[in-house]
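A.B. asks: Below is a structure I'd like to ask you about.
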Amino acid sequence: CQLSHMKSNELFGGIWFAGIDATELNLQAVPSSALQGGLSLSHGHRIARRERVMGRESNATLWFDLRPADRLLAEVVWNWIQSVDDETEAMLFKGYILRTRLGVQVSRELSLRLVLQYDDFDETWEADPLVTYRLNPFSIFYVGSTRDYAPLDPEHDGVRDWRLTDRQYFMKLQYLFQI
């Protein structure tokens with residue numbers, strides 16, 4: 001359990017913001033080697049940087065790690081945030097991001113990872129697979145992709161469905177040369 005409070009001032013975008021503050025509470029539990037999790041809550045006055053105004057911001061993060069087998073790990077994180085304009089009471093932003101990361105250590109050299117993420121702010125899904133082959137501790141080969149999905153606009157496209165909107169493939173070889 002941890003409780004903290006922060007106070008500061010900041011010059012951002014040519015505007016002086018005084019009275020920035022936030023109180024945060026963090027809780028963590030490790031009931032077994034196969035399960036751990038936590039909760040983080042914060043509230044205070046923060047800069048809404050896109051709008052360049054001071055907002056009353058609330059955050060909540062809930063996470064857990066599940067390890068059903070030695071070589072398998074599932075990590076789930078839910079981040080929620082909202083900010084209300086301090087002067088006008090208008091909602092500046094509100095939403096959440098839900099992220100799941102699945103990892104499998106196939107062998108000492110080979111590992112697989114899949115990251116799935118839903119972004120409520122943009123109403124998009126992401127699916128990012130990655131294969132890692134470790135030649136030695138300083139030389140690694142990566143192959144992966146990024147895939148973004150968004151709902152089509154039924155009034156514009158005539159269909160309400162999730163479609164692939166963006167995709168990239170990549171490879172990386174990181175190799176240590178000794179001289």
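A.B. asks: At 1.4 Å probe size, what's the solvent-accessible area of THR23? Round to the nearest 10 Å².
C.D. replies: 60 Å²
A.B. asks: When the chain is fully extended, how far beyond the present Cα-Cα distance does ASN26 get from LEU73, taking 0.36 nm per residue of separation?
C.D. replies: 14.7 nm
A.B. asks: I need the peptides 53-62, 165-174, 93-102 ranked by packing, meaning the mean over residues of other C-beta atoms within 10 angstrom, with the highest value on top.
C.D. replies: Output ranking for 53-62, 165-174, 93-102: 53-62, 93-102, 165-174.
A.B. asks: Still on this structure: Quick one: plug the Kirkwood hydrodynamic radius of the chain (C-alpha pairs) into Stokes-Einstein at 25 °C, 0.890 mPa s, and report D in µm²/s.
C.D. replies: Here the translational diffusion coefficient equals 123 µm²/s.
A.B. asks: For the stretch 55-101, what relative contact order do you get, as a whole percent, if you take Cα pairs closer than 8 Å and at least 6 residues apart?
C.D. replies: 37 percent
A.B. asks: Separate question: For the stretch 1-57, calculate the relative contact order in percent as a whole number, restricting contacts to Cα pairs under 8 Å that are 6 or more residues apart.
C.D. replies: Dividing the mean separation by the residue count of the stretch 1-57 yields 28 percent.
A.B. asks: On to the next question. Given +1 on the Cβ of Lys and Arg, -1 on the Cβ of Asp and Glu, and no further charges, what dipole in debye does the chain carry about its Cα centre, rounded to the nearest 20?
C.D. replies: Here the size comes out at about 960 debye.
A.B. asks: Give me the net charge of ALA150's neighbourhood, meaning all other residues with Cβ under 9 Å from the Cβ of ALA150; Lys, Arg count +1, Asp, Glu -1.
C.D. replies: Around ALA150, the charge tally is -3.
A.B. asks: Next up: Express in nm, to one decimal, how much length is gained between ASP85 and LEU3 on full extension, taking 0.36 nm for each residue of separation and deducting their alpha carbon distance.
C.D. replies: 27.0 nm
A.B. asks: Accessible area per residue, 1.4 Å probe, Å², for the stretch 49-136: what's the number?
C.D. replies: 63 Å²
A.B. asks: Name the residue farthest towards the positive end of the dipole of the stretch 1-100 from the options VAL30, SER83, GLY19, assuming +1 on Cβ of Lys and Arg, -1 on Cβ of Asp and Glu, about the Cα centre.
C.D. replies: Farthest towards the positive end: VAL30.
A.B. asks: Please report the Cα spread of the stretch 1-94 along all three principal axes, rounded to whole Å, starting with the longest.
C.D. replies: So the extents along the principal axes, rounded to whole Å, are 52, 23, 22.
A.B. asks: Using a Gaussian network for the chain with springs between C-alpha atoms less than 10 Å apart, which of these wobbles most: TRP16, TRP63, TRP78?
C.D. replies: So, out of TRP16, TRP63, TRP78, the one fluctuating most is TRP16.
The values are calculated or read from the model by the stated rules, or taken from the named source; none is laboratory data. This one's a predicted model, so the numbers in the text were calculated from it and none came from an experiment. Note that we place each Cβ from the backbone using ideal geometry, even for glycine, and neighbour counts take in every protein chain shown. What goes into the accessible areas is simple: the full protein's heavy atoms, side chains included, and nothing from ligands, DNA or RNA. Shrake-Rupley method; radii C 1.70, N 1.55, O 1.52, S 1.80 Å.
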